[in-house]
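Working notes, beginning with the structure itself.
No lab work stands behind these numbers, since they all come straight from the coordinates. The model shown is predicted, which means the values in this text are computed figures rather than measured ones. Counting neighbours? That spans all protein chains shown, and the Cβs are built from the backbone with ideal geometry, glycine included.
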Amino acid sequence: MCSVCGCGDTVRVGDLDLSHADAHRFGLAHHHHGLGPAGLSVPGLTQSRLIEVETAILSKNDAIATENRHILTALGVLTLNLVSSPGSGKTTLLCKTITALGDAPLAVIEGDQQTSHDADRIRATGAPAIQINTGKGCHLDAQMVAAAINDLRPRTGSYLFIENVGNLVCPAAFDLGEDAKVAILSVTEGEDKPLKYPDMFTAASLALLTKTDLAPHCDADLSAYEANLRRVNPTIEILRLSSRTGDGMDAWLAWLRARLAAKGAT
Amino acid sequence: MHELTLVEGIRTIVEDHARTQHFARVLVLRLEIGRFAGVEKQALHFAWDEGMRGSPAAGAVLEIIDLPGQAMCIDCDQVVQIDDRFDPCPLCGGERLLPQGGDEMRIKNMEVV
């Protein structure tokens, strides 16, 4: 007897009388057994149904990022997501920036695959820092930053610098809840870098063209860097600076202070 | 870029829907991916089977629908469709274009049982 409907042992398929077992073995549809994936048909119901999802793949990340942004905005914290290739000088720039900002309250979230070297360097300046090791991950995500914010408890009206994993590809897609992405591009990397990795430079509001003291030694054409940055992002702001000599630091500090003041006014 | 992370994101959404909409298995899952989303389709297919193992979407067919790239031309102030990130404006030939769409990464729908 069939366990689905309790019918007899023989079923009629077209002109043939077959045993239930044979009908299944040959994959033949017969009265209550459909040919669909469920192997079962129920009057009034089709076997597969279509579910409209219309959900962004990164919607979970985006929801947490929105929550981060909400919390940080309520505190008047200016949050910057610093992105670049590995070795562009992000940490050196941050250390110099922290020193130059003097007493201004700030905190740093450091992202790297391994080691706490960068957070150690930041803490040596006296600033609170949290190191996130992403392990195999190639980017920070909003959840990691949410946990770090919870630990760091940034002060009202402070700066929060998030140094992302050195990678010009993946971090572009992951909103962390920042006010702006700042792309750091050192003049030793090649003028065509913005063209090779357009997504990151498109997502950034400000590009810092760094290590300008090295430009004469590697025949770097700074205006070609800037032209390529504007080619991928016509609205990007660009500042030239050298963390080593301090050239151009004033304009960067002025940019930071103006953004923080604007943030406090909202 | 990080196609395995994307597959993990899809898996979470599938598992959530399986719970709330009461289905056992996904037969077909359709994604909409914009031209400028930076997603390598081949890598996504490669990560698919491995990333979905043990989930309701194990063995499901992954279909990818391409969405066009859109940009705002600063020179002629129009939103235009472009195929390549560095194409000039098809209306005025301007080269100052701001991407405005085409970075979508969305699950459109699923056929489920």
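Summary of computed values
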item: Pairwise centroid distance, computed over Cα atoms, of region A:75-130 with region A:214-263, Å; result: 18
item: Rounded to whole Hz, the Karplus (6.51, -1.76, 1.60) HN-Hα couplings of region A:64-78, x for glycine and proline; result: 5, 4, 4, 5, 4, 4, 4, 5, 5, 5, 4, 8, x, 8, 7
item: Per-residue [θ]222 nm for the protein assembly as shown (sum of -39500 (n - 2.57) over DSSP H runs n ≥ 4, rounded to 500); result: -9500 deg cm²/dmol
item: Efficiency of FRET between B:Gln21 and A:Asn133 - r from beta-carbon atoms, R0 35 angstrom, step 0.05; result: 0.40
item: Proximal aspartates and glutamates relative to B:Lys108, as straight alpha-carbon distance under 20 Å, when same-chain residues fewer than 8 apart are discounted; result: A:Glu52, A:Glu54, A:Asp62, B:Glu3, B:Glu8, B:Glu15, B:Asp16, B:Glu32, B:Glu40, B:Asp49, B:Glu63, B:Asp66
item: Rg/Rh for region A:59-265, where both radii come from Cα atoms and Rh is the Kirkwood radius; result: 0.94
item: Label-point separation, B:Asp66 to A:Ile238 (7 Å along Cα→Cβ), nm; result: 3.2
item: For B:Val28, distant residues with modelled amide H under 5 Å away; result: B:Val61, B:Glu111
item: Principal-axis tilt of helix B:3-21 within chain B, Cα atoms, nearest 10 degrees; result: 60
item: Loop-resident sites, region A:149-209, for trypsin sites (Lys or Arg not before Pro), counting at most 16 other Cβ within 10 Å (DSSP); result: A:Arg155
item: Residues of type lysines that A:Lys90 reaches as a straight line, Cα spacing below 25 Å, ignoring anything fewer than 8 places off in the same chain; result: A:Lys136, A:Lys181, A:Lys193, A:Lys196, A:Lys211, A:Lys263
item: Within a Gaussian network of chain B (alpha carbon springs, distance under 10 Å), most fluctuating of B:Gly69, B:Gly59, B:Gly93; result: B:Gly93
item: Whole-Å distance, taken between Cα centres, linking region B:29-76 and region A:180-195; result: 27
